[in-house]
Amino acid sequence: MLIVDDLQEVGKVMRRYFQIQGFDVDCAGELEEAEALIGGNSYQIVITDLHLTPVRGSEGLEIVRLVRHQAPETKVILLTAYCTVAVEKEACENGLLFLLNKPVSLAALHKTVQECLGREAWAH
């Protein structure tokens, strides 16, 4: 699993939670770091925030496009506190199936990960 969030503390909390759930977890805090990890590793799932810079860009959508291009079998969950119709449209056009509005609990995120991976029985 790859978690991409510019807020280091959020990444740490999510990493720890999913490691306890039995996942191998890598974290990235910026687009370039995520690109390097995606290019050099194989992930079943990527969880990314939409905004990875203070400018409130759409770097998360760039990650969705990159994953679709390099590893189409990888599932992606996009997190955002700033969902718009345009973001939803672009996400769907790039094959994104799961867009969650923040704040989202770790339990709800875990349930979505299970759905993505078809592992409903993984609940701990």
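Please find, among V25, V76, V87, V67, the residue that is within 12 Å of the chain's Cα centre (by Cα) and farther than 15 Å from D5 by Cα.
Of the residues listed, the single one that is within 12 Å of the chain's Cα centre (by Cα) and farther than 15 Å from D5 by Cα is V67.
Within the range 34-58, track down each residue that is touching a strand residue (DSSP E or B) at 6+ places or on another chain (Cβ under 8 Å), over 22 Å from E115 (Cβ atoms) and of a type outside the set (A, V, I, L, M, F, W, C).
N41, H51 - these are the residues of the range 34-58 that are touching a strand residue (DSSP E or B) at 6+ places or on another chain (Cβ under 8 Å), over 22 Å from E115 (Cβ atoms) and of a type outside the set (A, V, I, L, M, F, W, C).
Looking only at the range 1-15, filter to residues that are over 14 Å from V67 (Cα atoms) and assigned to a loop (DSSP other than H, G, I, E, B); which one of those is nearest to the chain's Cα centre (by Cα)?
Only one residue fits best here, namely D5.
Looking at the range 29-75, which of its residues are surrounded by 14 or more Cβ atoms within 10 Å (Cβ to Cβ), of a type in the set (S, T, Y) and under 23 Å from A86 (Cβ atoms)?
T48, S58
Can you tell which of F18, F23 is closer than 21 Å to G118 by Cα, assigned to a loop (DSSP other than H, G, I, E, B) and at pLDDT 95 or above?
Exactly one residue qualifies, and that residue is F23.
What pairs come out if I take residues in the range 3-22 that are closer than 16 Å to L79 by Cα and pair them with residues that are hydroxyl-bearing (S, T, Y) and surrounded by 13 or more Cβ atoms within 10 Å (Cβ to Cβ) whose C-beta lies under 9 Å away, six or more apart or interchain?
I3/T48; V4/T48; D5/T48
The values are calculated or read from the model by the stated rules, or taken from the named source; none is laboratory data. In this text the structure is predicted, and so the values were computed from the model without any measurement. Note that each Cβ is placed from the backbone with ideal geometry, even for glycine, and that neighbours are counted across all protein chains shown.
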